[in-house]
Amino acid sequence: MGFIDFVKNAGAKLFGKSEDDAPKPTVKTATAPSPAEIAALKARALKRAVEGFGIPVEGLSVALNDDVATVRGKVKTQADREKLVLAV
């Protein structure tokens with residue numbers, strides 16, 4: 001019996017439960033994300049980055065298609081628009 005087994009069993013006994021009552025760990029197999037899922041993740045990361053810069057944008061959305069980012073939203077000034085483009 002190893003140290004971890006001892007702690008697990010001792011904890012179960014302290015709370016009046018047997019080892020059979022404890023939930024069994026499950027193992028989930030990872031699948032590779034699709035290209036669309038990867039693009040969506042990258043678009044969310046770009047959106048968070050823009051929000052992190054504090055550029056005031058109303059209704060910001062970012063979409064990716066290969067290496068092309070499409071940014072939509074409303075800004076009050078041309079300077080904010082240029083900052084937004086540079087940030088993305």
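The values are calculated or read from the model by the stated rules, or taken from the named source; none is laboratory data. In this text the structure is predicted, and so the values were computed from the model without any measurement. A quick note on method: Cβ atoms are made from the backbone with ideal geometry, for glycine too, and the neighbour counts reach across all protein chains shown.
Do we have V68 as surrounded by 10 or more Cβ atoms within 10 Å (Cβ to Cβ), among the β-branched types (V, I, T) and either on the phi < 0 side of the Ramachandran plot or modelled with pLDDT under 85 (or both) here? Judged against the criteria, V68 is not a match. I'm trying to understand the selection: among the residues of region 71-88, which are basic (K, R) and surrounded by 11 or more Cβ atoms within 10 Å (Cβ to Cβ)? Of everything in region 71-88, those that are basic (K, R) and surrounded by 11 or more Cβ atoms within 10 Å (Cβ to Cβ) turn out to be K74, R81, K83.
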